[in-house]
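The values are calculated or read from the model by the stated rules, or taken from the named source; none is laboratory data. All of these numbers come straight from a predicted model, not from anything done at the bench. In this analysis, Cβ positions are derived from the backbone assuming ideal geometry, glycine residues included, and neighbour counts consider all displayed protein chains. For accessibility, only protein heavy atoms count, side chains too; no ligands or nucleic acids. Shrake-Rupley method; radii C 1.70, N 1.55, O 1.52, S 1.80 Å.
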Amino acid sequence: MVNRVAGAAVLYTLMILTALFCLGPFLWLLSTSLKVNANIYQFPPQFIPWPITFKNFIDVFNIMPLWTNIWNTVLMTAMGVGLNLLTCTIMAYPLARFRFPGRNLIFYAIISTMILPNGAGMIVHFLIIQKMGLYNTLLGIVLPSAVTVFNVFLLRQAFITIPQEMEDAARIDGASEFRIFWNIMVPMIRPAIATIVIFDFMAFWNSFIWPIVVLDDPNKYPLTAALQYLQGELSYNFPYIAAGTVISVIPIIIVFLLLQKQFINGMVGAVKG
Amino acid sequence: MLNTRNRRYLFAYLMMAPGLLLMAIFTFYPIIYGLPLTFTNYSVIGETKWIGLANFKRAFSDPDFLLALKNSILYIIVVPVIQILSICMAILVNNNLKGVRFFRVSYFVPVVTSMVAAAIAWKWMFEQKGIINFILESAGITNGNIAWLANPDTALYAVMFVTVWKGLGYYMMIYLAGLQSIPSELQEAAKIDGANRAQVIRHVTIPLLQPFVLLCSLLSVMSAIRVFDEVYIMTGGGPAHASMVTGVYTYVKAFQDFDFGYAAAIGLIVSLIVMLFSIILFKYGKKGGLNYYG
């Protein structure tokens, strides 16, 4: 009994220390963002801010167009996730369930791009986006990753596992090809769809260097790019940077906490699958 | 009129059309066009000329690139560190204590947040008068006052530390899934035979985790060679190229110097190195490395 209590105490201590290590930087950022100016550069550092002020948060909304940045991020993410969902699902479905000339050729061509080296990736993307007249546009950010080989692969695997009887029964009932796809097949692969929504949400929300390359106008920047820009502009004023950073991580942490189960299952499933 | 078979073909092709069109433009074309680009001096200024292997010759006599390449290879030392720590974390939270779910979730927070936010936080903590120096000084490990990111001897390692911190939760989750897929009878049997907790971990758990270790190691090797965000945000490759890695160097050559041909060539060199590791991954994967009862 004593042994078990001691064991649990050791485990809890280790788990708490690890949690402090993982969350520490964010807590420290939060603490910094709530401090009055005089306490920020204090040494030894003040761990718990006192007095607490929200002035940094108010100021950072005044010095940078944060609402615009948040809106840009939301738009960019919604568009990126939406396009991926649409194009990848309709592309994976025939590859999984239909026999047609050229199917294997197309499938292997797609898969092989995962292995082939593409050292000039971002450079060529940039040149294409410029030629298409999409420089400095949202579409220019989203389009190069609107189809992801990984997603097509994942969705194809999901479509393959649906039993043939489902399809046959619908066909006997006289359902059209589109109805079979939309009303029977898509609802059955919901877990795979949830996985790619989560993955792409995270990828687009956190994407950083490509938006900087494509966008010329900082007013069009998403949050991550705006923060990096703010860092360059205001390197002398860390509390504002801290407040901006705290604001930028809140949405993704809320989404993560709401969907954590699917997040973690999706992460693990995708790696193992 | 189309017959049923041809109608189905048409339906299949129509569904694939948007995706294939986008892939043709943004996946196939860059691979095909990216290669010849490496043999040219393409940039925003001057006439584009075919210059043969000059870019590659230049790369291997460019001390900045060679240093970046060396640093990128050196960066692989984060891999064993990440594996060992994330396995320890997975074992730690693979218990049924109350509240263990909270801890699992909190270890995953660095994974979901942007590297920009994380790197900004760490940059602030690595300041000379920052909290890292305070903690190390209080613990009597250093006498403080190390400008971690401004010191050529420490900058690269400080950034590596952030990479490790950001990746731990991700690999922990994979190992946790691995641990939970190990049949508990094996561990029970070892306990009945008189093995203690440490012996069970050493002789039963770790060997069964091996396929996961292989997969995770290769995934993290590939991302270590490709590292970009944390280096770019925290040091920009400095001071004096001390933390320059190939990802940042390629970016600088392409989008600051607009030296596209040369940047494409060094990008290709790095891609080939990454490809080498992918081949190893696929080879081991086929050998049953991923089938953990094989």
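Of the peptides A:99-106, A:195-202, A:80-87, A:53-60, how do they stack up when ordered by the mean number of other Cβ atoms within 10 Å, highest first? Don't skip to the answer; put the middle values down first.
On the way: A:99-106: 13.1, A:195-202: 21.6, A:80-87: 19.5, A:53-60: 16.2.
Descending packing order for the listed peptides: A:195-202, A:80-87, A:53-60, A:99-106.
Which order do the peptides A:69-75, B:149-155, A:42-48 take when ranked by the mean count of other beta-carbon atoms within 10 Å per residue, highest first?
Details: A:69-75: 18.4, B:149-155: 16.9, A:42-48: 12.1.
Averaged packing, sorted descending, gives the order A:69-75, B:149-155, A:42-48.
Around B:I233, with a cut-off of 13 angstrom between Cβ atoms, what is the net charge of the other residues, counting Lys and Arg +1 and Asp and Glu -1? Walk me through the numbers before you get to the answer.
On the way: positive: B:K123, B:K166; negative: B:D229, B:E230.
Combined, the nearby Lys, Arg, Asp and Glu give 0.
Taking each residue in A:17-29, count the Cβ atoms of any other chain within 10 Å of its Cβ, then average. What number comes out? All intermediate terms of the calculation are to be shown ahead of the outcome.
Details: counts 0, 11, 7, 1, 6, 13, 4, 6, 15, 6, 1, 6, 7.
Per residue, the average neighbour count from other chains is 6.
Would you list the P(r) distribution for region B:128-242, with all Cα-Cα distances sorted into 5 Å bins from 0 and each bin expressed as a whole %?
2, 10, 14, 14, 12, 11, 11, 11, 8, 5, 2, 0
Using a 10 Å cut-off around each Cβ of peptide B:119-127, what is the average number of partner chain Cβ atoms that fall inside?
Partner-chain Cβ atoms within 10 Å, mean over residues of B:119-127: 6.
Ordered by packing density, taken as the mean number of other Cβ atoms within 10 Å over each peptide's residues, highest first, how do B:261-268, A:208-215, B:36-43 rank?
Details: B:261-268: 27.1, A:208-215: 21.2, B:36-43: 19.5.
In descending order of packing, they fall as B:261-268, A:208-215, B:36-43.
Can you list the aspartates and glutamates whose alpha carbon sits under 18 Å from that of B:K49, skipping same-chain ones fewer than 8 residues off?
Partners found: B:D257, B:D259.
Per-residue accessible area for B:Y33 at 1.4 Å probe radius, Å² rounded to 10?
Number for this one is 70 Å².
Within straight cross-link reach of A:K261, meaning Cα distance under 30 Å, which lysines are found once same-chain residues fewer than 8 apart are removed?
Filter leaves A:K272, B:K98, B:K166.
With N denoting the number of residues in region A:114-172, provide Rg(C-alpha) divided by 2.2 N^0.38 Å, to two decimal places. Display every interim value, and only then the final one.
Details: Rg = 18.3 Å, N = 59, 2.2 N^0.38 = 10.4 Å.
Compactness ratio reported: 1.77.
Name the residue, out of A:I162, A:I123, A:I16, whose mean-square fluctuation peaks in a Gaussian network model built on chain A with Cα pairs under 10 Å.
Result for chain A, Cα springs under 10 Å: A:I16 fluctuates most.
Once you order the gyration tensor axes a ≥ b ≥ c over the Cα atoms, which shape class does chain B get: rounded for a/c under 1.5, otherwise prolate or oblate by comparing a/b with b/c?
Details: a/c = 2.15, a/b = 1.17, b/c = 1.84.
Oblate is the answer for chain B, as a/c is 1.5 or above yet b/c matches or exceeds a/b.
Could you please report the charge total around B:M275, scoring K, R as +1 and D, E as -1 over all other residues with beta-carbon less than 15 angstrom from its beta-carbon?
Values: positive: B:R226, B:K283; negative: none.
Net charge around B:M275: +2.
Give the shape of region A:50-114 as rounded, prolate or oblate, defined through the alpha-carbon gyration tensor: a ≥ b ≥ c are the square roots of its eigenvalues, a/c under 1.5 means rounded, and otherwise the shape is prolate if a/b is larger than b/c and oblate if not. Mind dumping the intermediate values first?
Values: a/c = 4.96, a/b = 4.12, b/c = 1.21.
Prolate, since a/c reaches 1.5 and a/b exceeds b/c.
So for chain A, averaging the separation of alpha carbon pairs under 8 Å that are six or more residues apart and normalising by length, what relative contact order in percent results?
Details: 227 pairs, mean separation 82.3, N = 273.
It rounds to 30 percent for chain A.
So what's the back-of-envelope 222 nm ellipticity for the protein assembly as shown, counting only DSSP H runs of four-plus at -39500 (n - 2.57) apiece and dividing by all residues, rounded to 500?
Values: 28 runs with 386 residues, N = 567.
Mean residue ellipticity, 222 nm, calculated: -22000 deg cm²/dmol.
Accessible area, 1.4 Å probe, largest first: how do A:R171, B:R197 sort?
Working: A:R171 75, B:R197 175 Å².
Per-residue accessible area, sorted high to low, gives B:R197, A:R171.
Long-range amide H contacts for B:T40: which residues qualify at under 5 Å (H placed 1.01 Å from N, peptide plane, sequence gap of 5 or more or a different chain)?
B:I51
Over 15 Å, how big is the tail of the calculated P(r) for region A:192-240, in percent of all Cα pairs? Walk me through the numbers before you get to the answer.
On the way: 631 of 1176 pairs.
Value for region A:192-240 (Cα pairs over 15 Å): 54 percent.
Assigning unit charges at the beta carbon (Lys, Arg +1; Asp, Glu -1) and nothing else, what dipole magnitude in debye, to the nearest 20, does region B:7-102 show about its Cα centre? Numbers along the way, then the final one.
Values: 8 positive and 3 negative charges, 93 e Å.
So the dipole magnitude of region B:7-102 works out to roughly 440 debye.
Roughly speaking, what is the centre-to-centre gap between region A:88-153 and region A:222-273 when only Cα atoms are used, to the nearest Å?
Value for the Cα centre distance between the two parts: 26 Å.
Would you tally the net charge around B:N94, using a Cβ to Cβ cut-off of less than 13 Å, leaving B:N94 out, and scoring K and R as +1, D and E as -1? Mind showing how you got there, number by number?
Numbers: positive: B:R101, B:R104, B:R197; negative: none.
Taking every Cβ under 13 Å from that of B:N94, the sum is +3.
Among rounded, prolate and oblate, which fits region B:66-208 when a ≥ b ≥ c are the square roots of the eigenvalues of its C-alpha gyration tensor, a/c under 1.5 means rounded, and a/b larger than b/c means prolate?
prolate
Hey, what did chain B get for relative contact order, percent, Cα under 8 Å, at least 6 apart?
Numbers: 315 pairs, mean separation 81.2, N = 294.
Once normalised by length, the contact order is 28 percent.
Just how much of B:S184 is accessible, in Å², when a 1.4 Å probe is used and the result is rounded to the nearest 10?
Rounded to the nearest 10, the figure is 60 Å².
Are there any helices in chain B, counted as whole DSSP H runs, that stretch 18 Å or more along their axis by Cα and score at least 1.0 on average by Kyte-Doolittle, and if so which? Write out the running numbers ahead of the final one.
On the way: long enough: B:4-23 (28 Å, 0.44); B:78-93 (22 Å, 2.67); B:100-112 (19 Å, 1.28); B:155-181 (40 Å, 1.11); B:206-225 (27 Å, 2.00); B:260-284 (35 Å, 2.12).
Result, helices passing both filters: B:78-93, B:100-112, B:155-181, B:206-225, B:260-284.
Using θ = phi - 60° and the Karplus relation 6.51 cos²θ - 1.76 cosθ + 1.60, list the HN-Hα couplings for region A:33-39 in order, rounded to whole Hz, with x at every Gly or Pro.
Running phi through 6.51 cos²θ - 1.76 cosθ + 1.60 with θ = phi - 60° gives 5, 9, 8, 6, 3, 5, 8 Hz.
Over all alpha-carbon pairs of region B:44-130, lay out the pair-distance distribution in 5 Å bins, whole %, shortest bin first.
Once binned at 5 Å, the Cα pair distances of region B:44-130 give 3, 9, 9, 11, 15, 13, 10, 9, 7, 5, 4, 3, 1, 0.
Go through B:M234, A:M114 and list them by solvent-accessible area, largest first, probe radius 1.4 Å. All intermediate terms of the calculation are to be shown ahead of the outcome.
On the way: B:M234 10, A:M114 100 Å².
Final ranking, largest accessible area leading: A:M114, B:M234.
Determine the order of B:H203, B:H241, A:H125 by accessible area, beginning with the largest, at a probe radius of 1.4 Å. Kindly include the intermediate steps, with their values, before the conclusion.
Details: B:H203 120, B:H241 55, A:H125 35 Å².
Most to least solvent-accessible, the answer reads B:H203, B:H241, A:H125.
Determine one quarter of the surface area of the Cα convex hull of the protein assembly as shown, which equals its mean projected area, and express it in nm² to one decimal.
If you wrap the Cα atoms of the protein assembly as shown in a convex hull and average its projections, you get 31.7 nm².
Which residue, A:V246, A:V124, A:V142, tops the fluctuation ranking in a GNM of chain A built on C-alpha contacts under 10 Å?
Taking springs between Cα atoms under 10 Å, the residue moving most is A:V124.
At q = 0.14, 0.16, 0.17 Å⁻¹, what is the base-10 log of I(q)/I(0) for chain A according to the Debye formula with one equal point scatterer per Cα and no solvent? Please give it to two decimals.
Debye output, listed in q order: -1.10, -1.25, -1.33.
For the protein assembly as shown, give the percent of accessible area contributed by carbon and sulfur heavy atoms, probe 1.4 Å, rounded to a whole number.
66
Return the equivalent ellipsoid semi-axes of region B:1-147 as a descending list in whole Å, where each equals the square root of 5 times an eigenvalue of the C-alpha gyration tensor. Show your work: numbers first, answer last.
Values: eigenvalues 429, 235, 44 Å².
Computed over region B:1-147, the values are 46, 34, 15 Å.
Specify which residue in the list B:F11, A:S112, A:I264 is farthest towards the positive end of the charge dipole of the protein assembly as shown, using unit charges on the beta carbon of Lys, Arg (+1) and Asp, Glu (-1), about the Cα centre.
Of the options given, the answer is B:F11.
Nearest 100 Å² is fine: what is the total accessible surface buried where chains B and A meet, probe 1.4 Å? Each step should come with its number before you reach the end.
Details: alone 17880 and 16710 Å², together 26670 Å².
Buried: approximately 7900 Å² between A and B.
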